[in-house]
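Okay, so here's the structure we're looking at.
The values are calculated or read from the model by the stated rules, or taken from the named source; none is laboratory data. Since the model is a prediction, treat every value here as computed from it, not as a measurement. Cβ: placed from backbone, ideal geometry, glycine included. Neighbour counts: every protein chain shown.
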Amino acid sequence: MPHETRPDFATPFVRHVEVHVLTPMELRVLRVLAEGRSDKDIAKRVGIEPGTVKSHVANALGKVGARSRLHLVVMALRAGLLRLEDIAC
(Lines give C-alpha, C1' and ligand atoms only; values in the text may rest on other atoms or scores of the structure.)
Protein backbone atom coordinates (compact mmCIF):
# COMPACT_ATOMS: atom_id res chain seq x y z
CA MET A 1 0.00 0.00 0.00
CA PRO A 2 1.66 3.29 -1.09
CA HIS A 3 2.12 5.94 1.55
CA GLU A 4 0.03 9.05 0.92
CA THR A 5 1.75 12.36 1.36
CA ARG A 6 -0.06 15.44 2.50
CA PRO A 7 0.60 18.81 0.90
CA ASP A 8 2.90 20.98 2.98
CA PHE A 9 0.84 24.12 3.51
CA ALA A 10 3.70 25.84 5.35
CA THR A 11 6.03 25.74 2.36
CA PRO A 12 4.85 29.05 0.83
CA PHE A 13 5.05 30.67 4.26
CA VAL A 14 8.60 29.46 4.78
CA ARG A 15 9.63 31.00 1.48
CA HIS A 16 7.92 34.27 2.42
CA VAL A 17 9.56 34.36 5.83
CA GLU A 18 12.94 34.02 4.17
CA VAL A 19 12.31 37.20 2.19
CA HIS A 20 10.71 39.02 5.13
CA VAL A 21 7.30 39.59 3.57
CA LEU A 22 5.49 40.24 6.86
CA THR A 23 5.94 43.70 8.35
CA PRO A 24 7.14 44.14 11.93
CA MET A 25 3.59 45.12 12.98
CA GLU A 26 2.07 42.09 11.24
CA LEU A 27 4.51 39.93 13.20
CA ARG A 28 3.60 41.66 16.49
CA VAL A 29 -0.10 41.13 15.79
CA LEU A 30 0.55 37.51 14.82
CA ARG A 31 2.39 36.81 18.08
CA VAL A 32 -0.53 38.09 20.16
CA LEU A 33 -3.08 36.42 17.87
CA ALA A 34 -1.34 33.10 18.59
CA GLU A 35 -2.36 33.53 22.25
CA GLY A 36 -6.01 33.32 21.20
CA ARG A 37 -6.70 36.99 21.90
CA SER A 38 -9.57 38.98 20.39
CA ASP A 39 -8.95 41.85 17.98
CA LYS A 40 -9.81 44.24 20.81
CA ASP A 41 -7.25 42.63 23.14
CA ILE A 42 -4.60 42.55 20.41
CA ALA A 43 -5.24 46.23 19.67
CA LYS A 44 -4.77 47.21 23.31
CA ARG A 45 -1.62 45.14 23.61
CA VAL A 46 0.13 46.55 20.53
CA GLY A 47 -1.32 50.07 20.69
CA ILE A 48 -3.48 50.17 17.56
CA GLU A 49 -7.20 50.18 16.76
CA PRO A 50 -9.17 46.90 16.42
CA GLY A 51 -9.91 47.70 12.78
CA THR A 52 -6.19 48.05 12.14
CA VAL A 53 -5.64 44.63 13.74
CA LYS A 54 -8.11 43.18 11.24
CA SER A 55 -6.22 44.84 8.40
CA HIS A 56 -2.86 43.48 9.54
CA VAL A 57 -4.29 39.97 9.93
CA ALA A 58 -5.94 40.15 6.50
CA ASN A 59 -2.69 41.35 4.93
CA ALA A 60 -0.69 38.55 6.57
CA LEU A 61 -3.27 35.95 5.50
CA GLY A 62 -3.06 37.15 1.91
CA LYS A 63 0.72 37.36 1.82
CA VAL A 64 1.26 33.77 2.93
CA GLY A 65 -1.86 32.19 1.45
CA ALA A 66 -3.31 31.10 4.79
CA ARG A 67 -6.96 30.08 4.78
CA SER A 68 -7.75 31.22 8.33
CA ARG A 69 -6.23 32.81 11.41
CA LEU A 70 -5.56 29.34 12.79
CA HIS A 71 -3.84 28.29 9.58
CA LEU A 72 -1.71 31.45 9.76
CA VAL A 73 -0.57 30.58 13.29
CA VAL A 74 0.13 26.95 12.36
CA MET A 75 2.16 28.07 9.35
CA ALA A 76 4.13 30.52 11.53
CA LEU A 77 4.86 27.75 14.05
CA ARG A 78 6.00 25.35 11.34
CA ALA A 79 8.19 28.04 9.79
CA GLY A 80 9.86 28.75 13.14
CA LEU A 81 8.50 32.28 13.32
CA LEU A 82 6.64 31.41 16.52
CA ARG A 83 7.58 28.91 19.21
CA LEU A 84 5.03 27.14 21.41
CA GLU A 85 6.99 27.96 24.53
CA ASP A 86 6.80 31.70 23.71
CA ILE A 87 2.99 31.75 23.41
CA ALA A 88 1.27 32.81 26.63
CA CYS A 89 -2.05 31.03 26.97
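Exactly one condition in (1) among the charged types (D, E, K, R); (2) closer than 16 Å to ARG28 by Cβ; (3) surrounded by 15 or more Cβ atoms within 10 Å (Cβ to Cβ) is not met by ARG78; state its number.
It fails just one condition, (2).
Mind checking which helices (runs of 4 or more DSSP H) fall wholly inside the chain and carry at least 1 residues that are more than 13 Å from the chain's Cα centre (by Cα) and either modelled with pLDDT under 90 or hydrophobic (A, V, I, L, M, F, W, C) (or both)?
Details: elements: 11-18, 24-33, 39-46, 50-64, 69-78.
Counting at least 1 such residues, we get 11-18, 39-46.
Considering the range 16-47 alone, what residues qualify as being among the β-branched types (Val, Ile, Thr) and either under 17 Å from ALA88 (Cβ atoms) or crowded, with 17+ Cβ neighbours inside 10 Å (or both)? Before the answer, list the steps.
Initial filter on the range 16-47 (among the β-branched types (Val, Ile, Thr)): 17, 19, 21, 23, 29, 32, 42, 46.
Passing the criteria: VAL17, VAL29, VAL32, ILE42, VAL46.
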